[in-house]
Amino acid sequence: MFVSDSTGSSRRPRICSRDDASILHADLDSFYASVEQRDHPRLRGQPVLVGGGVVLAASYEAKARGVRTPMNLGQALRLCPEAIVVPPRMSAYAEASKAVFAVFADTTPIVEGISIDEAFLDVGGLRRIRGEPRAIAETLRAQVRAQVGLPISVGIARTKFLAKVASAVAKPDGLRLVEPDRELDFLHPLPVERLWGVGKVTAATLHENGITRVGQLAELGEPYLRALLGPAAARHLFALSMARDPRRVETGVRRRSIGAQRALGRHHRDPAELAAFVDGLTDRLGRRLRAANRVCRTVILRLRFDDFTRATRSHTLIEATDANTEIRHAARLLLDTAGPIIAERGITLIGLSLTNLENADAVQLTLPLEPRADNTLDATLDDLRRRFGSAAVTRAALLKSGEGLSVPLLPD
């Protein structure tokens, strides 16, 4: 559909929102903690914390006491002393996620996974065979409860943004339908933090100017917001405040980046130990790259300091690669550069991300024109870990501390 201005000249095509509320956002409630409560009856109805040094997940009984993720475990226990702490079982969460996504796939072929515990579903074309979107959502919730044993909240709306907000409002274990003629009535009373793109910094700027609700932001208009936040953020947030979001539910979308991180606690870490952690993260991410048949161009080091401020450092490679040695070299350079600020401010978390991903088969070959070797050390180690588990082979520097937790992910 083309939209023309008053002079009759055509502008670029714009996708309009659908007429009916038929996009579902399904989100498992406190996923890790819910799996633990499902599998261990003694935990049901109790405040449960999943994690070690930091809280990876908290049951709603613990959240009611102010516990949030990712909170330091000591702080969480001060807020909720009676909480039961359980170690994470990533394999159990991965299996539960697969079972839930099987229910999604049985509901509609148009499923866009966001993470292992949430997805968008388009049910707009299913009325004749499955009924109205609300009935479909109720059936989905009942099937997840019956087949997987987990609570799930679902939001229904015309747009992905509103569906996600609706599922958050419906938590825990609820369903919320936003009718097309009630969208602004639903959205405008909510705090501005509900808008995608409003983090701590943007929220602080808005609050300083007396903007705390979505409706206030909408009333001020894009020109005012442009002076406050810049043109891109103003355009984005004003559109959301008016419930405009033309994005479709898409299937088969590949990741734009992959990452892994390791919480370190508030202990002193010497440079050699930090370097070993970076090497371990490199091994983990390189394995994921090769399993997905992809290569990366940019390596990003992410740091969280003792005062909970954050910083990033990035390095773009000359050629895209999936080789651990090249990724490791770039990551070590970034770590060395950040060494002085780490020594000054302490460090509680270190992470690594790989971006500018490309399909390995589409990369321009360099001279001599030969296919990528499949008998490399990286490939051999990948095969060993695939056959005998990720801990079958590890770096000597990580023998005492281990490789850290590997969070289950959706297939790429």
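Please treat every number below as a calculation from the coordinates, not as lab data. Just so we're clear, the structure is a prediction, and the values are computed from it rather than from any experiment. Methodologically, a virtual Cβ is constructed for each residue, glycine included, from the backbone with ideal geometry; neighbour enumeration extends over all protein chains shown.
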Handout entry: Stokes-Einstein translational diffusion, the range 147-258 - Kirkwood Rh over all Cα pairs, 1.567 mPa s, 4 °C, in µm²/s
Key = 85
Practice task
Could you work out the local net charge near ARG89, counting Lys and Arg as +1, Asp and Glu as -1, over the other residues with Cβ closer than 11 Å to its Cβ?
Solution key: -3
Practice task
Express the relative contact order of the range 23-177 as a whole percentage, based on alpha carbon pairs under 8 Å and six or more residues apart in sequence.
Solution key: 28
Practice task
Please give the FRET efficiency for HIS329 paired with SER257, using the beta carbon to beta carbon distance and R0 = 25 Å, rounded to the nearest 0.05.
Solution key: 0.85
Completion exercise
Note, the range 321-326: 3J(HN,Hα) by Karplus (6.51, -1.76, 1.60, θ = phi - 60°), whole Hz, Gly/Pro = x, goes 8, 10, 7, 4, 4, 6
Exercise for the section: Evaluate the distance, in nm, between pseudo-label points positioned 7 Å from the Cα of ARG387 and of LYS200 along their respective Cα→Cβ axes. Expected result: 4.7
Exercise for the section: May I have the convex hull volume per residue, in Å³, for the Cα set of the range 55-167? Expected result: 118
Completion exercise
Cross-link reach from LYS171 to aspartates and glutamates, straight Cα distance under 17 Å and at least 8 residues apart if same chain, gives ASP27, ASP29, GLU61, ASP117, GLU118, GLU138, GLU193
Problem - Vicinal HN-Hα couplings computed from phi for the range 132-140 (Karplus, 6.51 cos²θ - 1.76 cosθ + 1.60; Hz; Gly/Pro x) - result: 6, x, 5, 5, 4, 5, 5, 5, 4
Problem - Whichever lysines have a C-alpha closer than 21 Å to that of LYS200, once near sequence neighbours (fewer than 8 apart) are set aside - result: LYS63, LYS164
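How long is the gain from ALA64 to ARG127 if the chain were fully straight, where each residue apart is worth 0.36 nm and the alpha carbon distance is subtracted? Present the calculation step by step, with values, prior to reporting the outcome.
Values: separation 63, 0.36 × 63 = 22.68 nm, distance 3.84 nm.
Between ALA64 and ARG127, full extension yields an extra 18.8 nm.
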Practice task
Would you mind calculating the relative contact order of the range 209-295 from Cα pairs under 8 angstrom and at least 6 residues apart, reporting the percent as a whole number?
Solution key: 18
Practice task
Return the long-range amide H neighbours of LEU317 (sequence gap of 5 or more, or a different chain), with a cut-off of under 5 Å between placed amide H atoms.
Solution key: THR298, VAL299
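When you count, for each residue, the other Cβ atoms within 10 Å and take the mean per peptide, how do 224-230, 41-47 rank with the highest first? Before the final figure, lay out the partial values.
Details: 224-230: 16.0, 41-47: 13.7.
Those peptides, ordered most packed to least, come out 224-230, 41-47.
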Handout entry: VAL54 long-range amide H proximity, modeled H, under 5 Å
Key = LEU73
Exercise for the section: Excluding residues on the same chain fewer than 8 positions from LYS98, give the lysines whose Cα lies under 19 Å from its Cα. Expected result: none
Handout entry: Percent RCO, i.e. relative contact order, over the range 188-241, from Cα pairs under 8 Å lying at least 6 residues apart
Key = 40
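Using the C-alpha gyration tensor of the range 188-241, what are the square roots of 5 times its eigenvalues, in whole angstrom, with the largest one first?
Working: eigenvalues 37, 28, 22 Å².
Each semi-axis is the square root of five times an eigenvalue, giving 14, 12, 11 Å.
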Handout entry: Radius 9 Å from Cβ of GLY155, net charge of other residues (Lys, Arg +1; Asp, Glu -1)
Key = +1
